[in-house]
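Single-structure report; data block below.
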Amino acid sequence: MNKQLPEQLRHLVAAGDEGLDLAAGALIIAALEYPELDAGRYLAALDRMGREVNELAGPAAEPLDALRALNRYLFEQEGFAGNHADYYDPRNSFLNDVLERRTGIPVTLSVVYMEVARRAGLEVNGVPFPGHFLVKLTLEEGEVLLDPYSGGVSLSLEDVEARLAALGGGGEEARQAIPDLLNAASKRDILLRMASNLRVIYRNNEDYARLLALSELLLVLAPQDAELYREQAVCYEGLEYPAGALQAYRRYLDHAGEPRDRDAIRERMVELHGAAGSVH
């Protein structure tokens, strides 16, 4: 892994949510897989797309007309679409791949949507709806909720209720929780969601090298997540590096307080200490 990537991400996050460049952050995540990635090329592509949406909408377009132009541009002209055929392909989580292949998962397509919208003069925010990331445009007359994974379709309150019910969250109490579920996500949380999707894929594939590299970025985005240190230890064990695992377990215990698995971890550390000492 490029050792500079965590520091680059830390610098972006330090700017605060207003100053955080979401696309640049997403490209740092992608650079884990593509060390020679030219981020400027993809940022320039987003700039061009924003200009083309403005040209399509016209100089005097009202926000809703500009939004319609954005949908026509992204989903009809450029052909962006959800990757229903291979949802868990890691490329769906890399912004450069999404821009080149014109397909992705809800959160990465939402990032494309938000970033092109911003460049076209529209303030579109991400919505971390359970199980399926969405976006929304806030107008004086209300909010327009959209699903970039499904071609930018607009969602009604009834649609949201149906989606929540499909997740097992029906009933009056769930309906009352909907406003909170539709709050805007911070850019930092969006990057965390993108990285967390990759985390699940790498973990399921037992891809310890990639999971270990990703954990360094996750610790920038979620430094309070002590479980990341434990996961690093598992990665080091999978890579047959007991000294690294031992150090990561120490960090886990330092940050986790009084975890339920403390005794088991300490026993494992004793075993690893012997294994590490036997390596010459």
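Some points to look at:
- By the Stokes-Einstein formula, at 0.692 mPa s and 37 °C, the stretch 224-277 with its Kirkwood radius over alpha-carbon pairs has D equal to 305 µm²/s.
- Here the stretch 129-152 is scanned for amide nitrogen atoms under 13 Å from the site 7 Å beyond the Cα of VAL200 along Cα-to-Cβ, giving 129-133.
- Compared with the dominant principal axis of the Cα atoms in the chain, helix 4-14 is inclined by about 50°.
- Sequence-distant residues sharing a close amide H with GLY151 (under 5 Å, placed H): GLY82
- Within the stretch 188-280, the GluC sites (Glu not before Pro) that combine a DSSP coil assignment with at most 11 other C-beta atoms in a 10 angstrom radius are GLU206, GLU240.
- The stretch 114-119 - phi-based ³J(HN,Hα) in whole Hz, Karplus 6.51/-1.76/1.60, Gly and Pro as x: 4, 6, 5, 4, 4, 6
- Converting the Cα gyration tensor eigenvalues of the chain into ellipsoid dimensions via √(5λ) gives semi-axes, longest first, of 39, 22, 16 Å.
- Coupling constants for the stretch 215-221 follow from the phi torsions by the Karplus curve (6.51 cos²θ - 1.76 cosθ + 1.60, θ = phi - 60°), and in residue order they are 4, 5, 6, 4, 5, 6, 7 Hz; glycine and proline get x.
- For ILE265, ILE190, order by how many other beta-carbon atoms lie within 10 Å, fewest first: ILE265, ILE190
- Helix 227-238 axis, angle to the chain major axis (alpha carbon atoms, nearest 10°): 60
- Taking 7 Å steps out from each Cα toward its Cβ at ALA243 and GLU76 produces label points 6.2 nm apart.
- Cα-based helix-to-principal-axis angle, 39-57 vs the chain, degrees rounded to 10: 20
- Here the calculated FRET efficiency for TYR34 and ARG118, from their Cβ-Cβ distance with R0 = 30 Å, stands at 0.80, rounded to the nearest 0.05.
- Length released on extending from ARG266 to ARG41, taking residue separation times 0.36 nm less the Cα-Cα span: 76.2 nm
Taken together, the values in this text are just the output of simple stated rules run on the coordinates, not laboratory data. Everything quoted here is computed from the prediction, not taken from an experiment. Positions of Cβ are backbone-derived with ideal geometry, glycine not excepted, and every protein chain shown enters the neighbour counts.
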